[in-house]
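Some notes on the structure that comes next.
The values are calculated or read from the model by the stated rules, or taken from the named source; none is laboratory data. Please read these numbers as outputs of a predicted model, since none were measured by experiment. Glycine gets a Cβ as well: all are built from the backbone with ideal geometry, and neighbour counts include every protein chain shown. Each accessible area value is taken on the protein alone, full model and side chains, heavy atoms only, with ligands, DNA and RNA left out. Shrake-Rupley method; radii C 1.70, N 1.55, O 1.52, S 1.80 Å.
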Amino acid sequence: MIRKLFTFIVLFIGCTFSVMSQNSLSYRGFSGGMMIHSGILEGRQFNIISENGTIVSANNVSGMPFGIGGSARLHFGKHLRVGGEGYVSNLRYGVKGTTSSISWGGILVDCIWQFDKWWPFGGILVGGGAVEHIVLNNEPSMDFIVENNAAYREYAFMAIAPMVGVEYALNEKIHLTFKMDYVINISNPQDDFPLGPRFFIGFMFYRLND
């Protein structure tokens, strides 16, 4: 996985410098919009431990998350885009009430090409985020009753997220967007951090000079 990621980054950087050397990087305008997403995620097995050190349960974060977020980009030349994006993703799994929530965002650089109405693109996000994880070992019996079999943790991380996608131009100002990314925790790997592809769909709104 690390080798494939490294290869992608090297190829993308090479592509970016090639685009920059062959094209004028004059400012062309901007675009931005919102997207929803789901995906296929899975983490490694981790244990919930009691105060006396005994293992209460073994767990594994896996399933299909749901989330929302958006991005905004400045366009330079025919291909280069620079901007930022941020998302929140919630994954419910296991016992009712168990939830892994991840928020992330950062600086985005990508390259886009135009083939009639289809605009494929590829890029990478560099940034960070935070995880909030609530684990219940038993379903709550009643409302407003303190639960003993519950665990909570939160932590921050730095991330990179390679991505590929395509936009379909409905008209000059509105594009339907499809994207896939893969968020990787590079600074604080944890067993309960779910990895896998996320798939996005949404609308981007354009204002270009030409």
remark   = In the range 134-158, anything at pLDDT below 95 and assigned to a strand (DSSP E or B) is listed as I134, V135, L136, A150, A151, Y152, R153
Residues of the range 163-189 classified as touching a residue at least 60 places away in the same chain (Cβ under 8 Å) and either more than 19 Å from F66 (Cα to Cα) or open to solvent by 70 Å² or more (accessible area, probe 1.4 Å) (or both), total = 1
ask   = Mind checking whether some residue in the range 140-150 is surrounded by 20 or more Cβ atoms within 10 Å (Cβ to Cβ) and of a type in the set (S, T, Y)?
value = no
query = Looking at the range 33-47, which of its residues are over 12 Å from S89 (Cβ atoms) and surrounded by fewer than 17 Cβ atoms within 10 Å (Cβ to Cβ)?
reply = M34, I40, E42, R44, Q45, N47
remark   = Taking the range 159-179 and keeping residues farther than 14 Å from L108 by Cα and either among the acidic types (D, E) or not in a loop (DSSP other than H, G, I, E, B) (or both) leaves V166, E167, Y168, A169, E172, I174, H175, L176, T177, F178
ask   = What residue, of I40, I48, is at pLDDT 95 or above and of a type in the set (V, I, T)?
value = I40
ask   = Which residues, counting only those in the range 48-83, are open to solvent by 30 Å² or more (accessible area, probe 1.4 Å) and under 20 Å from V126 (Cα atoms)?
value = I68, A72, L74, F76, H79, V82
message = Looking at S31, S57, can you tell me which residue is within 18 Å of P194 (Cβ to Cβ), in a strand (DSSP E or B), of a type outside the set (V, I, T) and in contact (Cβ under 8 Å) with a residue 60 or more places away in the chain?
response = S57
message = Checking the structure you have, find out if any residue of the range 84-99 is in a loop (DSSP other than H, G, I, E, B), open to solvent by 30 Å² or more (accessible area, probe 1.4 Å) and at pLDDT 90 or above.
response = no
query = Of all residues in the range 60-77, which are of a type in the set (A, V, I, L, M, F, W, C) and either without any contact (Cβ under 8 Å) to a residue 24 or more places away in the chain or assigned to a strand (DSSP E or B) (or both)?
reply = V61, F66, I68, A72, L74, F76
key: Cβ-Cβ under 8 Å pairs, at least 6 apart or on other chains, the range 116-132 side open to solvent by 10 Å² or more (accessible area, probe 1.4 Å), far side part of a loop (DSSP other than H, G, I, E, B) and among the polar types (S, T, N, Q)   = G128/S187
